[in-house]
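Bear in mind that the values in this text are calculations on the coordinates, not laboratory data. The structure presented is a predicted model; accordingly, all values stated were derived computationally and were not measured. Neighbour counts are summed over all protein chains in view; Cβ atoms, including those assigned to glycine, are modelled from backbone coordinates with ideal geometry.
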Amino acid sequence: MSPANPALVYGIIWATVLGLTALGWTTQLLPVNASTATLVVANIATFVGAVAFVSVACRNVPTAAEAGTSAFEFAMLRRLAARLMQIWVVGSVIEIAFSGGLPILWLIAGDTSRDYRDFGLPSVHGFLTAMYLTLVVAHALFYRVYKDRRDLLTVLLLLWWPLLQVNRGAFVWALLEMAAVQMITSRFVASQMLKVGAAALAALLLFGFVGDLRAGFHKEGLRDVVSPDAKFLVDDLPSGFLWVYIYVTSPVNNVIAAIDGLQPTHRVYFSAMNLLPSVVRDKVFTDPSNRYALGLVNEAFNTATWYANFLADFGLRGTIALVAVLQLMIAWFYAYARRGWVWAILAYAALFQALALSIFADTLTSLVTVAQVAIAVGYGQWTYYALEHANRLEPAT
């Protein structure tokens, strides 16, 4: 079994977050209720079923190696990456000029009136971010296949971009998508898991460092949200552990608080929120009382997992069914990615981060993720037609 198997990933992260929430290490956390447990367990089961179904349905799909197209696919990906790099660099320079600098410079200058959310061109920024993440995935894949240090250097340089924006979210997205490339191209072995664990620990510590930057290097304010028996999170461990615990348990805590009092509308409203460009979204979703689909236990922690918008629109059963359909789609991309098709690896990397972050927020329906998948599928179609054209031009033997 591959460590990138979506059912395995989903089962591990959701079982872990429910276990961490049950520990109650922060004062805001509520006991895990039956409805939330039912939701999670049901969708773990549907994911296992989706992967099994797609595995059977795609059992006759050839691998990229069997099709003999790998070299051509990578050559086309090089061309795509070069063009995306040009567009992204030019677009980023324009964004810096439009925003009056970078968030890291605002922070250094003591300007607390702006942060990463104020950076970039509205709506355009999301598409540039999709290009950026595609570049990270492409060069990580190039390095995995060819071991060219220039690709590794490109990835390392690209990883500075979200740090310059003081944007932990984008940084975590990039790391998760790199992890997807690593795992989708590897076997499930102990050494592989150790590498992933070491990378996760490094990311955890850096996550805490960036969090301290945003909080002004003060942890004392967090003591009020830590339970008496969990002061070690503040006193004895690097700040990254506390930041991560708060971030992964607070979203599901909002679900726990709201799920038994749901009054779903059974129409698409919150579920479509992330699919709209920000300039449109800000005009459609104007009701301040409906800003958060499920409400919040604590105003400081304003996410509620990827389930929130679906639960508000369709209730418990409808959400289980809708998520099962999305899981079937993810399983399909995974099946092709495991067979070495480059377009599917590019797409699955984006979907993998959505799975990993599903305990935090809905990034699956984010326009950034949708744009990444569209770039991957478009690249696949472009490669297919280019290969067909090349074969027609090849003289018969």
### Message
Using amide H atoms built in the peptide plane, which far-off residues or other-chain residues are under 5 Å from Thr26 H to H?
### Response
Ser227
### Task
Note down the net charge around Gln28, summing +1 for each Lys or Arg and -1 for each Asp or Glu among other residues with Cβ under 13 Å from its Cβ.
-2
### Message
With only alpha-carbon pairs counted, each pair once and no self-pairs, how large is the Kirkwood hydrodynamic radius of the stretch 117-178 in angstroms?
### Response
12.1 Å
### Residue among Tyr385, Ala174, Ile259 farthest towards the positive dipole end of the chain, charges placed on Cβ
Tyr385
### Query
What does the charge add up to near Gln381, with Lys and Arg as +1, Asp and Glu as -1, over the other residues with Cβ less than 13 Å from its Cβ?
-2
### Message
Using the crude model of +1 on Lys and Arg Cβ and -1 on Asp and Glu Cβ, and no other charge, please compute the dipole size for the stretch 258-375 relative to its Cα centre, in debye to 20.
### Response
380 debye
#### Entry: Cβ-based exposure ranking for Leu133, Leu276, Leu29, in which fewest neighbours within 10 Å come first
Leu276, Leu29, Leu133
### Task
Treating the angle as unsigned and between 0 and 90°, give the value, to the nearest 10°, between the Cα long axis of helix 6-23 and the longest Cα principal axis of the chain.
10 degrees
### Query
Roughly what angle does helix 124-146 make with the longest principal axis of the chain, taking Cα atoms, 0 to 90 degrees, to the nearest 10?
60 degrees
### Query
When Glu299, Glu95 are ordered from fewest to most other Cβ atoms inside 10 Å of their Cβ, what list results?
Glu299, Glu95
## Note on the structure
Karplus-derived 3J(HN,Hα) from phi for the stretch 89-99 (6.51 cos²θ - 1.76 cosθ + 1.60, θ = phi - 60°), whole Hz, x at Gly and Pro, runs 4, 4, x, 5, 4, 4, 5, 4, 5, 5, 8
### Query
For the chain, what does the equivalent ellipsoid look like in terms of its semi-axes, each the square root of 5 times an eigenvalue of the Cα gyration tensor, given largest first in whole Å?
35, 26, 22
### Message
As I understand it, the value is the acute angle between the Cα axis of helix 34-57 and the longest principal axis of the Cα atoms of the chain; what does it come to in degrees, rounded to 10?
### Response
10 degrees
### Message
Taking the beta-carbon count within 10 Å as an exposure proxy, list Trp161, Trp341 from fewest neighbours to most.
### Response
Trp161, Trp341
### Task
Assign unit charges at the C-beta atoms only (+1 for Lys and Arg, -1 for Asp and Glu), then state the dipole size of the stretch 6-393 relative to its Cα centre in Debye, rounded to the nearest 20.
1060 debye
### Query
Relative contact order for the stretch 6-393 using alpha-carbon pairs under 8 Å, separation at least 6, rounded to a whole percent?
25 percent
